[in-house]
Amino acid sequence: MTLNPPPSQQTPHSPRRIPNRRVLIVGNYCHDVLIQNGSIVAETLGGAASFISNVLDSSSVSCELVSKVGHDFRYEVTHSPIVVPEKETTVFEAYFDLGIDGIGHADRVLKRVSACDPILPSDIPDSRFDFGMAVGVGGEILPETLEKMVEICDVVAVDIQALIRDFDPVDGAVKLVDLKESGFFHILHRIGFLKASSDEALFMDVEQMKQLCCVVVTNGEKGCRIYHKDDEMTVPPFLAKQVDPTGAGDSFLGGLVVGLVEGLSVPDAALLGNLFGSITVEHIGQPKFDLMMLQRVKDEVQKRKKQCNLSSSHKNDHNEFHERLSPARFSCVDSQLQPKLLVNGHSCDR
Ligand SMILES: Nc1ncnc2c1ncn2[C@@H]1O[C@H](COP(=O)(O)OP(=O)(O)OP(=O)(O)O)[C@@H](O)[C@H]1O
Ligand SMILES: O[C@H]1[C@H](O)[C@@H](O)[C@H](O)[C@@H](O)[C@H]1O
(Lines give C-alpha, C1' and ligand atoms only; values in the text may rest on other atoms or scores of the structure.)
(Ligands and ions follow the chains in the order given, each with its own letter.)
Protein backbone atom coordinates (compact mmCIF):
# COMPACT_ATOMS: atom_id res chain seq x y z
CA MET A 1 0.00 0.00 0.00
CA THR A 2 1.33 3.44 -0.84
CA LEU A 3 -0.37 5.96 1.35
CA ASN A 4 1.77 9.02 0.80
CA PRO A 5 0.88 12.60 1.65
CA PRO A 6 -1.50 14.07 -0.93
CA PRO A 7 0.13 16.35 -3.49
CA SER A 8 0.87 19.92 -2.53
CA GLN A 9 -2.13 22.21 -2.54
CA GLN A 10 -0.02 25.18 -3.47
CA THR A 11 -1.25 26.97 -6.55
CA PRO A 12 1.20 27.17 -9.44
CA HIS A 13 1.13 30.98 -9.25
CA SER A 14 2.05 31.47 -5.62
CA PRO A 15 5.51 33.05 -5.27
CA ARG A 16 7.93 31.02 -3.14
CA ARG A 17 10.75 33.45 -2.60
CA ILE A 18 10.56 33.08 1.17
CA PRO A 19 10.86 29.55 2.54
CA ASN A 20 7.65 28.22 4.07
CA ARG A 21 7.21 28.26 7.80
CA ARG A 22 6.52 24.81 9.11
CA VAL A 23 3.17 24.31 10.82
CA LEU A 24 0.21 26.61 11.43
CA ILE A 25 -2.21 25.51 14.16
CA VAL A 26 -5.61 27.23 14.26
CA GLY A 27 -8.04 26.61 17.13
CA ASN A 28 -8.95 28.12 20.48
CA TYR A 29 -7.43 27.17 23.79
CA CYS A 30 -10.05 26.33 26.36
CA HIS A 31 -10.53 25.57 30.01
CA ASP A 32 -11.50 21.93 30.57
CA VAL A 33 -13.48 21.02 33.67
CA LEU A 34 -13.65 17.29 34.35
CA ILE A 35 -16.64 16.28 36.44
CA GLN A 36 -17.44 12.94 38.03
CA ASN A 37 -20.18 12.09 40.53
CA GLY A 38 -21.18 15.75 40.68
CA SER A 39 -17.70 16.91 41.75
CA ILE A 40 -14.98 18.66 39.83
CA VAL A 41 -12.12 16.19 39.53
CA ALA A 42 -9.74 18.45 37.62
CA GLU A 43 -9.53 21.75 35.80
CA THR A 44 -6.96 21.84 33.04
CA LEU A 45 -5.78 23.68 29.97
CA GLY A 46 -7.63 22.26 26.98
CA GLY A 47 -8.31 22.80 23.33
CA ALA A 48 -6.95 20.64 20.55
CA ALA A 49 -4.46 23.42 19.75
CA SER A 50 -2.87 23.12 23.21
CA PHE A 51 -2.42 19.33 23.01
CA ILE A 52 -1.10 19.52 19.45
CA SER A 53 1.39 22.32 20.12
CA ASN A 54 2.61 20.35 23.14
CA VAL A 55 3.45 17.41 20.84
CA LEU A 56 5.03 19.62 18.16
CA ASP A 57 7.07 21.67 20.64
CA SER A 58 8.26 18.51 22.40
CA SER A 59 9.29 17.09 19.03
CA SER A 60 11.13 20.31 18.04
CA VAL A 61 8.81 20.97 15.09
CA SER A 62 8.39 24.72 14.82
CA CYS A 63 4.83 25.91 14.78
CA GLU A 64 2.76 29.06 14.90
CA LEU A 65 -0.54 29.02 16.73
CA VAL A 66 -3.60 31.22 16.29
CA SER A 67 -6.01 31.00 19.19
CA LYS A 68 -8.42 33.31 21.00
CA VAL A 69 -9.09 33.44 24.72
CA GLY A 70 -10.99 35.76 27.04
CA HIS A 71 -9.86 38.05 29.87
CA ASP A 72 -10.09 35.12 32.30
CA PHE A 73 -7.59 32.79 30.56
CA ARG A 74 -5.59 31.26 33.36
CA TYR A 75 -2.68 29.35 31.86
CA GLU A 76 0.84 30.27 30.85
CA VAL A 77 1.40 28.96 27.37
CA THR A 78 4.36 28.96 24.99
CA HIS A 79 2.31 30.29 22.08
CA SER A 80 0.49 33.42 23.20
CA PRO A 81 -3.18 33.60 22.25
CA ILE A 82 -5.10 36.68 21.09
CA VAL A 83 -6.89 38.00 24.18
CA VAL A 84 -10.41 39.30 23.61
CA PRO A 85 -10.91 41.42 26.76
CA GLU A 86 -14.69 41.61 26.57
CA LYS A 87 -15.12 37.84 26.21
CA GLU A 88 -14.58 34.80 28.39
CA THR A 89 -12.40 31.85 27.45
CA THR A 90 -14.15 28.85 25.90
CA VAL A 91 -15.01 26.36 28.65
CA PHE A 92 -15.91 22.70 28.26
CA GLU A 93 -17.34 20.60 31.03
CA ALA A 94 -16.72 16.90 30.52
CA TYR A 95 -19.04 14.61 32.48
CA PHE A 96 -17.69 11.13 32.93
CA ASP A 97 -20.76 9.63 34.55
CA LEU A 98 -23.79 10.91 32.64
CA GLY A 99 -23.91 7.65 30.76
CA ILE A 100 -23.18 7.17 27.14
CA ASP A 101 -25.07 8.84 24.34
CA GLY A 102 -27.87 7.27 22.31
CA ILE A 103 -25.43 5.65 19.91
CA GLY A 104 -23.64 4.06 22.83
CA HIS A 105 -20.13 5.08 21.86
CA ALA A 106 -19.07 8.22 23.65
CA ASP A 107 -16.94 7.88 26.76
CA ARG A 108 -17.98 11.27 28.14
CA VAL A 109 -20.65 13.91 27.74
CA LEU A 110 -19.27 17.29 26.72
CA LYS A 111 -20.88 20.66 27.29
CA ARG A 112 -19.55 23.95 25.98
CA VAL A 113 -20.53 26.33 28.76
CA SER A 114 -18.78 29.42 27.41
CA ALA A 115 -17.47 30.31 23.95
CA CYS A 116 -14.81 32.81 22.96
CA ASP A 117 -14.82 34.54 19.57
CA PRO A 118 -14.34 32.75 16.25
CA ILE A 119 -10.99 32.93 14.47
CA LEU A 120 -11.30 35.10 11.37
CA PRO A 121 -9.20 34.94 8.19
CA SER A 122 -7.69 38.31 9.21
CA ASP A 123 -6.39 36.72 12.46
CA ILE A 124 -4.26 34.30 10.42
CA PRO A 125 -0.82 35.43 9.18
CA ASP A 126 -0.37 35.90 5.44
CA SER A 127 2.81 33.79 5.32
CA ARG A 128 3.02 30.37 3.69
CA PHE A 129 3.22 27.16 5.73
CA ASP A 130 4.07 23.54 4.94
CA PHE A 131 1.20 22.28 7.10
CA GLY A 132 -1.97 23.85 8.42
CA MET A 133 -4.03 22.28 11.18
CA ALA A 134 -7.67 23.33 11.54
CA VAL A 135 -8.39 22.14 15.06
CA GLY A 136 -11.27 24.08 16.58
CA VAL A 137 -13.21 22.74 19.54
CA GLY A 138 -16.05 25.18 20.13
CA GLY A 139 -17.16 26.21 16.63
CA GLU A 140 -14.46 28.87 16.26
CA ILE A 141 -13.33 27.77 12.80
CA LEU A 142 -15.51 29.35 10.13
CA PRO A 143 -15.70 28.22 6.48
CA GLU A 144 -13.80 31.37 5.47
CA THR A 145 -11.11 30.56 8.07
CA LEU A 146 -10.58 27.13 6.52
CA GLU A 147 -10.58 28.68 3.05
CA LYS A 148 -7.75 31.00 4.05
CA MET A 149 -5.85 28.05 5.51
CA VAL A 150 -6.02 26.00 2.31
CA GLU A 151 -4.79 29.03 0.41
CA ILE A 152 -1.69 29.63 2.52
CA CYS A 153 -0.74 26.06 3.53
CA ASP A 154 0.68 23.37 1.25
CA VAL A 155 -1.27 20.66 3.10
CA VAL A 156 -4.10 21.14 5.58
CA ALA A 157 -5.07 18.57 8.21
CA VAL A 158 -8.53 19.02 9.68
CA ASP A 159 -10.03 17.57 12.83
CA ILE A 160 -13.66 16.87 11.96
CA GLN A 161 -14.68 18.09 15.44
CA ALA A 162 -13.86 21.60 14.23
CA LEU A 163 -16.51 21.28 11.51
CA ILE A 164 -19.43 19.20 12.75
CA ARG A 165 -20.05 20.33 16.33
CA ASP A 166 -23.28 22.04 17.21
CA PHE A 167 -24.12 23.26 20.70
CA ASP A 168 -27.39 23.01 22.56
CA PRO A 169 -28.64 26.59 23.08
CA VAL A 170 -29.72 25.84 26.64
CA ASP A 171 -26.99 23.72 28.25
CA GLY A 172 -24.26 23.78 25.58
CA ALA A 173 -24.29 19.98 25.12
CA VAL A 174 -22.21 19.04 22.10
CA LYS A 175 -24.18 17.50 19.25
CA LEU A 176 -22.77 16.41 15.93
CA VAL A 177 -24.18 17.25 12.49
CA ASP A 178 -23.52 15.42 9.27
CA LEU A 179 -20.42 16.68 7.49
CA LYS A 180 -22.46 17.37 4.36
CA GLU A 181 -24.66 19.77 6.37
CA SER A 182 -21.75 21.45 8.12
CA GLY A 183 -21.20 24.36 5.74
CA PHE A 184 -17.61 23.19 5.09
CA PHE A 185 -18.24 20.45 2.55
CA HIS A 186 -17.39 22.56 -0.51
CA ILE A 187 -13.83 23.17 0.80
CA LEU A 188 -12.99 19.59 1.67
CA HIS A 189 -11.60 18.61 -1.75
CA ARG A 190 -8.78 21.07 -0.99
CA ILE A 191 -7.64 19.56 2.30
CA GLY A 192 -5.00 16.85 2.70
CA PHE A 193 -6.12 14.97 5.81
CA LEU A 194 -9.38 14.59 7.69
CA LYS A 195 -9.15 13.07 11.17
CA ALA A 196 -12.23 11.73 12.96
CA SER A 197 -12.78 9.54 15.99
CA SER A 198 -14.85 6.42 15.38
CA ASP A 199 -17.90 8.19 16.89
CA GLU A 200 -17.46 11.21 14.64
CA ALA A 201 -16.85 9.05 11.56
CA LEU A 202 -20.55 8.09 11.73
CA PHE A 203 -21.28 11.64 10.62
CA MET A 204 -19.44 11.43 7.31
CA ASP A 205 -19.42 9.18 4.28
CA VAL A 206 -15.93 7.69 4.53
CA GLU A 207 -16.23 6.12 1.05
CA GLN A 208 -16.86 9.54 -0.43
CA MET A 209 -14.37 11.47 1.70
CA LYS A 210 -11.48 9.09 1.03
CA GLN A 211 -11.72 10.04 -2.65
CA LEU A 212 -11.18 13.69 -1.69
CA CYS A 213 -8.43 13.40 0.91
CA CYS A 214 -6.70 11.00 3.27
CA VAL A 215 -9.15 10.04 6.02
CA VAL A 216 -7.83 8.86 9.40
CA VAL A 217 -10.29 7.33 11.84
CA THR A 218 -8.97 6.88 15.37
CA ASN A 219 -10.40 4.14 17.51
CA GLY A 220 -9.10 4.49 21.06
CA GLU A 221 -7.19 1.47 22.32
CA LYS A 222 -7.53 -0.20 18.90
CA GLY A 223 -5.31 2.32 17.11
CA CYS A 224 -6.48 3.88 13.87
CA ARG A 225 -7.46 3.15 10.30
CA ILE A 226 -6.35 5.12 7.27
CA TYR A 227 -8.36 5.44 4.06
CA HIS A 228 -7.17 7.04 0.85
CA LYS A 229 -8.67 6.39 -2.59
CA ASP A 230 -8.71 2.58 -2.91
CA ASP A 231 -6.19 1.95 -0.14
CA GLU A 232 -6.96 1.37 3.50
CA MET A 233 -5.08 -0.07 6.42
CA THR A 234 -5.15 -0.41 10.19
CA VAL A 235 -2.25 1.06 12.15
CA PRO A 236 -1.69 -0.77 15.44
CA PRO A 237 -1.98 0.90 18.85
CA PHE A 238 0.44 1.02 21.76
CA LEU A 239 -0.63 -0.37 25.10
CA ALA A 240 -1.63 2.20 27.68
CA LYS A 241 -3.21 2.50 31.10
CA GLN A 242 -6.00 4.92 30.37
CA VAL A 243 -6.72 7.52 33.01
CA ASP A 244 -8.41 10.24 30.96
CA PRO A 245 -9.12 10.11 27.20
CA THR A 246 -9.20 13.91 26.82
CA GLY A 247 -6.76 15.11 24.20
CA ALA A 248 -5.85 11.66 22.84
CA GLY A 249 -7.18 12.51 19.40
CA ASP A 250 -5.39 15.87 19.48
CA SER A 251 -2.04 14.36 20.45
CA PHE A 252 -2.62 11.72 17.79
CA LEU A 253 -3.01 14.45 15.17
CA GLY A 254 0.10 16.21 16.53
CA GLY A 255 2.11 13.00 16.21
CA LEU A 256 0.79 12.37 12.70
CA VAL A 257 1.89 15.82 11.57
CA VAL A 258 5.30 15.47 13.27
CA GLY A 259 5.76 12.26 11.27
CA LEU A 260 4.67 13.88 8.01
CA VAL A 261 6.92 16.92 8.57
CA GLU A 262 9.81 14.50 9.20
CA GLY A 263 9.07 12.88 5.84
CA LEU A 264 7.62 9.58 7.04
CA SER A 265 4.99 7.73 5.02
CA VAL A 266 1.39 8.22 6.18
CA PRO A 267 1.17 4.82 7.98
CA ASP A 268 4.46 5.44 9.79
CA ALA A 269 3.33 8.96 10.71
CA ALA A 270 0.03 7.52 11.99
CA LEU A 271 2.04 5.16 14.15
CA LEU A 272 3.70 8.19 15.74
CA GLY A 273 0.17 9.56 16.20
CA ASN A 274 -0.84 6.37 18.02
CA LEU A 275 2.23 6.67 20.21
CA PHE A 276 1.48 10.23 21.34
CA GLY A 277 -2.23 9.41 21.73
CA SER A 278 -1.43 6.44 23.96
CA ILE A 279 0.80 8.53 26.23
CA THR A 280 -1.85 11.24 26.50
CA VAL A 281 -4.56 8.92 27.86
CA GLU A 282 -2.29 8.12 30.80
CA HIS A 283 -2.49 11.73 32.02
CA ILE A 284 -5.11 14.16 33.18
CA GLY A 285 -4.60 17.31 31.15
CA GLN A 286 -1.46 18.03 29.16
CA PRO A 287 1.08 15.21 29.20
CA LYS A 288 4.70 16.08 29.82
CA PHE A 289 6.67 13.87 27.49
CA ASP A 290 9.75 12.17 28.88
CA LEU A 291 12.92 13.60 27.31
CA MET A 292 14.56 10.20 26.94
CA MET A 293 11.46 8.87 25.23
CA LEU A 294 11.43 11.81 22.84
CA GLN A 295 15.10 11.31 21.97
CA ARG A 296 14.57 7.61 21.33
CA VAL A 297 11.59 8.35 19.13
CA LYS A 298 13.65 10.91 17.16
CA ASP A 299 16.44 8.34 16.70
CA GLU A 300 13.98 5.69 15.53
CA VAL A 301 12.38 8.12 13.09
CA GLN A 302 15.78 8.92 11.56
CA LYS A 303 16.65 5.20 11.32
CA ARG A 304 13.29 4.49 9.75
CA LYS A 305 13.81 7.17 7.13
CA LYS A 306 17.22 5.79 6.19
CA GLN A 307 15.86 2.27 6.07
CA CYS A 308 12.99 3.31 3.79
CA ASN A 309 15.37 5.15 1.48
CA LEU A 310 17.56 2.06 1.15
CA SER A 311 14.89 -0.55 0.66
CA SER A 312 11.44 -0.09 -0.76
CA SER A 313 10.38 -3.42 0.78
CA HIS A 314 10.49 -1.80 4.23
CA LYS A 315 8.23 1.03 3.25
CA ASN A 316 4.93 -0.47 4.21
CA ASP A 317 5.97 -2.79 6.98
CA HIS A 318 5.06 -0.57 9.88
CA ASN A 319 5.02 -3.55 12.27
CA GLU A 320 8.78 -3.35 12.44
CA PHE A 321 8.64 0.38 13.17
CA HIS A 322 6.00 -0.34 15.81
CA GLU A 323 8.30 -2.86 17.50
CA ARG A 324 11.14 -0.37 17.52
CA LEU A 325 9.00 2.42 18.97
CA SER A 326 7.43 0.31 21.73
CA PRO A 327 10.42 0.22 24.10
CA ALA A 328 10.87 3.96 23.60
CA ARG A 329 7.27 4.49 24.60
CA PHE A 330 7.65 2.47 27.78
CA SER A 331 10.67 4.34 28.98
CA CYS A 332 8.12 6.92 30.07
CA VAL A 333 6.27 5.26 32.93
CA ASP A 334 4.54 7.58 35.33
CA SER A 335 0.92 6.57 34.94
CA GLN A 336 0.82 5.03 38.42
CA LEU A 337 1.07 8.53 39.83
CA GLN A 338 -2.20 9.60 38.22
CA PRO A 339 -5.58 9.05 39.85
CA LYS A 340 -7.88 7.00 37.66
CA LEU A 341 -10.75 9.08 36.38
CA LEU A 342 -12.87 7.03 34.11
CA VAL A 343 -15.90 4.91 34.55
CA ASN A 344 -16.99 4.53 30.96
CA GLY A 345 -13.58 4.78 29.34
CA HIS A 346 -11.86 1.57 28.39
CA SER A 347 -8.62 0.97 30.19
CA CYS A 348 -6.04 -1.41 28.96
CA ASP A 349 -3.31 -2.93 31.10
CA ARG A 350 0.18 -3.51 29.84
N1 LIG B 1 -6.83 3.34 25.79
C2 LIG B 1 -5.92 3.57 24.84
N3 LIG B 1 -4.84 2.77 24.71
C4 LIG B 1 -3.91 3.00 23.77
N5 LIG B 1 -3.97 4.01 22.87
C6 LIG B 1 -5.02 4.83 22.93
C7 LIG B 1 -6.06 4.67 23.92
N8 LIG B 1 -6.97 5.64 23.72
C9 LIG B 1 -6.53 6.38 22.68
N10 LIG B 1 -5.37 5.90 22.19
C11 LIG B 1 -4.58 6.41 21.06
O12 LIG B 1 -4.99 7.75 20.79
C13 LIG B 1 -5.64 7.83 19.51
C14 LIG B 1 -6.81 8.77 19.59
O15 LIG B 1 -7.74 8.30 20.53
P16 LIG B 1 -9.32 8.35 20.32
O17 LIG B 1 -9.69 7.51 19.18
O18 LIG B 1 -9.90 8.05 21.65
O19 LIG B 1 -9.50 9.86 19.88
P20 LIG B 1 -10.60 10.93 20.23
O21 LIG B 1 -11.88 10.25 20.59
O22 LIG B 1 -10.57 11.91 19.15
O23 LIG B 1 -9.96 11.58 21.54
P24 LIG B 1 -10.35 12.94 22.29
O25 LIG B 1 -11.63 13.46 21.70
O26 LIG B 1 -10.50 12.48 23.69
O27 LIG B 1 -9.18 13.83 22.07
C28 LIG B 1 -6.01 6.40 19.15
O29 LIG B 1 -6.06 6.22 17.75
C30 LIG B 1 -4.90 5.61 19.81
O31 LIG B 1 -3.78 5.57 19.00
O1 LIG C 1 -9.59 20.02 25.56
C2 LIG C 1 -10.48 19.15 24.90
C3 LIG C 1 -9.82 18.53 23.71
O4 LIG C 1 -9.20 19.47 22.95
C5 LIG C 1 -10.76 17.69 22.88
O6 LIG C 1 -10.21 17.33 21.66
C7 LIG C 1 -12.06 18.38 22.58
O8 LIG C 1 -12.92 17.40 22.06
C9 LIG C 1 -12.69 19.00 23.80
O10 LIG C 1 -13.80 19.75 23.41
C11 LIG C 1 -11.74 19.89 24.54
O12 LIG C 1 -12.38 20.36 25.69
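Per residue, region 21-337 exposes 39 Å² of solvent-accessible protein surface, assessed with a 1.4 angstrom probe and all protein chains in place.
Quick check: the distance between the Cα centres of region 209-258 and region 29-46, to the nearest angstrom? The two parts, judged by their Cα centres, are 25 Å apart. Here the Karplus curve 6.51 cos²θ - 1.76 cosθ + 1.60, taken at θ = phi - 60°, turns the phi angles of region 149-158 into couplings of 4, 5, 6, 9, 10, 5, 9, 10, 9, 10 Hz, with x standing for Gly and Pro.
The amide H of Ala115, built 1.01 Å from its N in the peptide plane, has Val91 as neighbours under 5 Å, considering only residues 5 or more places off or on other chains. Counting protein heavy atoms only, region 87-223 has 50 percent of its accessible area on carbon and sulfur, 1.4 angstrom probe. Sorting the segments 25-36, 247-258, 108-119, 222-233 by their residues' average number of neighbouring beta-carbon atoms within 10 angstrom, most packed first, yields 247-258, 25-36, 108-119, 222-233. Exceeding 22 Å between C-alpha atoms, which entries from my cross-link table qualify? They are Lys210/Lys305; Lys148/Lys180; Lys195/Lys222. The pairs that break the limit, which is 22 Å between Cα atoms, are Lys210/Lys305. Take 124-137, 66-79, 207-220 and order them by the average number of nearby Cβ atoms within 10 Å per residue, most first; the result is 124-137, 207-220, 66-79.
Normalised by the number of residues in region 83-242, the mean separation of alpha-carbon contacts (under 8 Å, six or more apart) gives a relative contact order of 15 percent.
Segment Glu64..Lys306, full-extension length gain: 84.2 nm, with 0.36 nm per residue of separation and the alpha-carbon distance subtracted.
The values are calculated or read from the model by the stated rules, or taken from the named source; none is laboratory data. This is a predicted model, so every value here is computed, not measured. In this analysis, Cβ positions are derived from the backbone assuming ideal geometry, glycine residues included, and neighbour counts consider all displayed protein chains. The protein model used for the area step is the full one, side chains on, heavy atoms only, and it has no ligands, DNA or RNA in it. Shrake-Rupley method; radii C 1.70, N 1.55, O 1.52, S 1.80 Å.
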